[in-house]
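Visitor: One structure, as structure tokens, below. Some questions next.
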């Protein structure tokens, strides 16, 4: 019974935990955010926020690099730390400059912050053993 309370029935594997983190958040970012921006590119390019004042189209391209390319790199575990860092920077910009660090109410940046944290963990920890480049 003591072993059960300590969750001893589960394997202790940081690598498996990093794999689950990469798969869950990488696929969520890709399917829930990146794919819709990619498939509706022409509509999004005129309505995209431009927090860096580089133009809406370039803002959308920079966001697509993060939410499509980097998210998929994180999922497969290739250049994970670099890809996760790019995502963290994009999400930090969204949280601070687009959502003005609001955590509740209309225009909240809570979701950007929720995504930012696991990708920051991946920047620190790497992809783990179960990845294409086995970057630990």
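The values are calculated or read from the model by the stated rules, or taken from the named source; none is laboratory data. Predicted, not measured: the structure shown is a model, and the values here were computed from it. Note that we place each Cβ from the backbone using ideal geometry, even for glycine, and neighbour counts take in every protein chain shown.
Visitor: Within the stretch 40-51, take every residue that is in a helix (DSSP H, G or I) and in contact with a helix residue (DSSP H, G or I) (Cβ under 9 Å, 6 or more places away or on another chain) and give me the one that is farthest from residue 18 (Cα to Cα).
Guide: Start the filter on the stretch 40-51 by keeping residues that are in a helix (DSSP H, G or I), which leaves 41-47.
So of that shortlist, the ones also in contact with a helix residue (DSSP H, G or I) (Cβ under 9 Å, 6 or more places away or on another chain) come out as 41, 44-47.
Numbers: 41: 32, 44: 32, 45: 34, 46: 37, 47: 35 Å.
Among those residues, the one meeting the criterion is 46.
Visitor: Same structure, new question: Looking at 80, 96, 63, 39, can you tell me which residue is within 17 Å of residue 124 (Cα to Cα) and at pLDDT 95 or above?
Guide: Values: 96 fails: within 17 Å of residue 124 (Cα to Cα); 63 fails: within 17 Å of residue 124 (Cα to Cα); 39 fails: within 17 Å of residue 124 (Cα to Cα).
Going through 80, 96, 63, 39 in turn, the sole match is 80.
Visitor: Where in the stretch 52-136 are the helices (runs of 4 or more DSSP H), entirely inside, with at least 1 residues that are in contact (Cβ under 8 Å) with a residue 40 or more places away in the chain?
Guide: 71-76, 80-93, 110-125
Visitor: Another question, then. Which residue, of 9, 4, is in a loop (DSSP other than H, G, I, E, B) and either modelled with pLDDT under 95 or touching a strand residue (DSSP E or B) at 6+ places or on another chain (Cβ under 8 Å) (or both)?
Guide: Details: 4 fails: in a loop (DSSP other than H, G, I, E, B).
One residue alone meets the criteria, 9.
Visitor: Of all residues in the stretch 95-128, count the ones that are at positive phi and in contact with a helix residue (DSSP H, G or I) (Cβ under 8 Å, 6 or more places away or on another chain).
Guide: Our first condition is that a residue be at positive phi; within the stretch 95-128, this holds for 100-101, 105, 107, 126, 128.
Of the ones still in play, those that are also in contact with a helix residue (DSSP H, G or I) (Cβ under 8 Å, 6 or more places away or on another chain) are 101, 126, 128.
Here the count works out to 3.
Visitor: Shifting gears a bit: Output yes when any residue across the stretch 52-60 is under 13 Å from the mean Cα position of the chain (by Cα), at pLDDT 95 or above, crowded, with 19+ Cβ neighbours inside 10 Å and on the phi < 0 side of the Ramachandran plot, and no when none is.
Guide: So the first thing to find is which residues in the stretch 52-60 are under 13 Å from the mean Cα position of the chain (by Cα), and the list is none.
No.
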